[in-house]
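Bear in mind these aren't lab numbers, they're just calculated from the coordinates by the rules spelled out. Treat the numbers as computed from the prediction; the structure is a model and nothing was measured. Cβ placement follows ideal geometry from the backbone for every residue including glycine, while neighbour counts extend to all protein chains displayed.
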Amino acid sequence: MVYLDHAATTPMLPEAVRELGEQLVRTGNASSLHAAGRRARRTVEEARERLAAALGARPSEVVFTSGGTEADNLAVKGLYWARRAADPARTRVLASPVEHHAVLDAVQWLADHEGARVEWLPVDAVGRVDPDALRAAIARDPADVALAAVMWANNEIGTVQPVSALAEAAAEFAVPLHCDAVQALGQTEVDFGASGLSAMAVSGHKAGGPYGVGALVLGRDLAPEALLHGGGQERDVRSGTLDVPAIAAFAVAADLAAAGQARFAREVGALRDALVEAVRAAVPDAVLGGDPDPAGRLPANAHFAFPGCEGDSLLLLLDAQGIECSTGSACTAGVAQPSHVVLATGADPELARGTLRFSLGHTSTRADVAALAEAIGPAVARARSAGLS
Amino acid sequence: MTDDTAPHPRRLRVLAAMSGGVDSAVAAARAAEAGHDVTGVHLALSANPQSFRTGARGCCTLEDSRDARRAADVIGIPFYVWDLAERFRADVVEDFVAEYEAGRTPNPCLRCNEKIKFAALLDKALALGFDAVCTGHYATVVRRADGSRELHRASDLAKDQSYVLGVLDERQLAHAMFPLGDSRATKEEVRAEAQRRGLAVARKPDSHDICFIADGDTQGFLAGRLGRAEGDIVDEDGRKLGTHEGAYGFTVGQRKGLRLGRPAPDGKPRYVLDISPVDNRVTVGPADALDVSALTAVRPRWCGTPPAGAGSYTAQLRAHGAETPVTAELVDGELRVAFHRPVRGVAPGQAVVLYDGSRVVGSATIATTRRAERVES
């Protein structure tokens, strides 16, 4: 198998697998007062410290969740509710149109059900938000903004946002800025403290950790309304018995991902550059999506539009040859739709139907790139003959 | 002749159309078990799948798509959803509405096989390098020694679906695979086979009605599309017997739902004899006035070479209908069919499918009928 879909999920790091296995055989609810509970609690708190250190955050800023989606929902909805409760005028939500659905749909839900007025921030042709655009949007009426949300790096086209400058713009008006950093962790330097962000979502399985665990990194001054009510285990904003093994393994993975980030960017980035060259050589009219400058995109991401092709057809043809990638777009009822990200960058909707995302990871090899280089030309030719249905 | 569903000398790349029902799931499983390289595809036929029926029946829901995916996962084959909603709307749904509007009674399943499954889907499959499209239909493709293909009734006549495949030409047949066609298994045995294969759809109810009409209410669907148009219900002499809310709501041969109030003078039931969209008039009369001695049919499609001159065949006039002996001839592109014995209730818009023994010869869409001379008693 040639696995080129690490942005969907990447294999767990061996160290994380080991940690998970060791923790799975132990008993203990981290909320219990007895010895088993205390030991579980200690494991969780050590993981919290480890994760915080990896993310440039303080341990008290880490709220463990069931994953990136929950962290995004907690930040967007929870902050909206809390900010509006403090001042009913705050109903304006500013968000980039290239957000992951975990943010995009949460924002849209607030508009549909909670009276939020949504302003989608303008993006350029690579999907990047200009900090001055955010500044101007807030400045139109700083008093009515509930929150802003811009992701760290895009999951489809890999574009990295000017996070610190965006955070600075929001901070000028004391507007909380939430950032989905799910794709960024391990690929680009993620330092919550230095960024100036108010909130940031990360996920375990995108960074070599287990599925079903993530965290919302949340400034101490913020108290979003809870989504999940119950025992109040996590700072009273998130209830539910803590998944001790997953949390411990996540912290191990995040630690390794952060420590190895520079090397990952260098080595995987070189592979990615080779992949881009190979695809361009095989399909000269393929259109690279996202920032053509490698410094402005995730090192593991390559995204192409293939004119005259259905992305689904390409996926099927490559899959039949054991090459696994993604169209990069979300499914609606199983039917591939043109990606909202690609459309937001102003791409021709017809071109947007023929996109593929190749995402590399820590297990990728030159052989993977060579296999794709060989297969992509004939696959594109064949998909073109099938046309756009 | 060799049986097309017997193990192939070579491994074919097969695209299995999977509706989410039990038949297409077992068909895909059999094709995979026969050694073919099978990929499953569910056709999304509604532009807005969530608005369609929510029950287990039919072929268009999200649930059906999930059922198909689950079956593909169990069989161990790749699975995709292809969006053919626009083609389906244009070629099947709009055709359905237009046919009713013109006073005819269309068969959308036949149209879907002709225009979607063995045209839009097949063409895309062939372009992508597949050799055949596999479905769960009960019919048999036979390959003759010269390489040509014939479509035959299924071994089990009770389940035979060759009628709705009668529109396929030889090129389409050459790329069609019906793994259930030579099965003598009863429906219950197919379900048992699904169970044995671990397919969760084993107990799923069959779909019977029209997949794009959410609640099975064809009249309501047509009324929504065509609007109410009150008109007269008259007898054979043109005397008004009642009113209707749209001539499109009737089918030749229909007895129920006329709401005439007064019984016929002779006390016998009355049937729809004719639908005239031009003056929005529905003519009713006694059962024997439904007897037809001949028909003409348009848009003929042949499974192989069109027959020259007049020939003797049997004809089937509706899905699950009985067959009847006929003499048929192609004249100026129009099929003329003479019944050896009068037949009752032939609805324009339905297909006439001609058979030679178990072999499908071809089909055409019924345009006009000639009433049999009434035998005075």
Rounded to a whole number, the Stokes-Einstein D of chain B in µm²/s (Kirkwood radius over Cα pairs; 37 °C; 0.692 mPa s) is 150
Expressed in nanometres to one decimal, the distance between label points 7 Å along Cα→Cβ at A:ASP293 and B:ARG144 is 7.0
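Express the C-alpha Rg of the stretch A:261-386 as a ratio against the empirical globular expectation 2.2 N^0.38 Å, rounded to two decimals.
Ratio of Rg to 2.2 N^0.38 Å for the stretch A:261-386: 1.01.
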Per residue of A:311-318, other chain Cβ atoms within 10 Å number on average 3
Interchain or sequence-distant (5+) residues whose placed amide H lies within less than 5 Å of the amide H of A:ARG297 are A:VAL160
By the mean-Cβ-within-10 Å protection proxy, highest first, B:242-250, B:105-113 rank as B:105-113, B:242-250
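Averaged over B:124-135, how many beta carbons belonging to a partner chain fall within 10 Å of each residue's beta carbon? Walk me through the intermediate numbers first.
Values: counts 6, 1, 2, 8, 12, 9, 2, 0, 0, 0, 0, 0.
Going residue by residue through B:124-135 and averaging, the value is 3.
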In the protein assembly as shown the DSSP beta bridges are antiparallel at a rate, in percent to nearest 5, of 70
Of every Cα-Cα pair in the protein assembly as shown, the percentage lying beyond 35 Å is 58
As a percent rounded to 5, the proportion of antiparallel DSSP bridges among beta bridges in chain A is 60
Mean shadow area (nm²) of the C-alpha convex hull around the stretch B:228-377 is 10.2
Rounded to the angstrom and largest first, Cα extents along the principal axes for chain A equal 64, 54, 37
Candidates A:LEU317, A:LEU13, A:LEU134; GNM for chain A (alpha-carbon contacts under 10 Å) flags as most fluctuating A:LEU317
Here the stretch A:227-241 yields Karplus 3J(HN,Hα) values (6.51, -1.76, 1.60; θ = phi - 60°; whole Hz; Gly and Pro given as x) of 8, 10, 9, x, x, x, 3, 9, 6, 6, 9, 8, 9, x, 4
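What is the mean number of Cβ atoms from other protein chains located within 10 Å of the Cβ atom of each residue in peptide B:78-84, rounded to a whole number? Walk me through the intermediate numbers first.
On the way: counts 4, 2, 8, 7, 8, 9, 2.
Mean shielding by partner chains, rounded to a whole number: 6.
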Plugging the Cβ-Cβ distance of B:ARG70 and B:VAL298 into 1/(1 + (r/R0)^6) at R0 = 25 Å yields, to the nearest 0.05, a FRET efficiency of 0.05
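Residue separation times 0.36 nm, minus the C-alpha to C-alpha distance between A:SER60 and A:LEU33: what's the value?
Values: separation 27, 0.36 × 27 = 9.72 nm, distance 2.05 nm.
So the chain would gain 7.7 nm between A:SER60 and A:LEU33.
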Residues B:LYS187, B:LYS115 in order from fewest to most other beta-carbon atoms within 10 Å are B:LYS187, B:LYS115
Given backbone amide H placed at 1.01 Å from N, residues whose amide H is under 5 Å from that of A:GLN183, ignoring those fewer than 5 places away on the same chain, are A:ALA153
Counting only residues 5 or more apart in sequence or on a different chain, those whose built amide H sits under 5 Å from that of B:HIS42 are B:MET18, B:TYR80, B:VAL81, B:TRP82
Taking a label point 7 Å from the Cα of B:GLU334 along Cα-to-Cβ, the residues of the stretch B:290-318 whose backbone nitrogen sits under 14 Å from it are B:294-300
Dimensionless Rg/Rh of the stretch B:2-203, both radii on Cα and Rh by Kirkwood, sits at 0.95
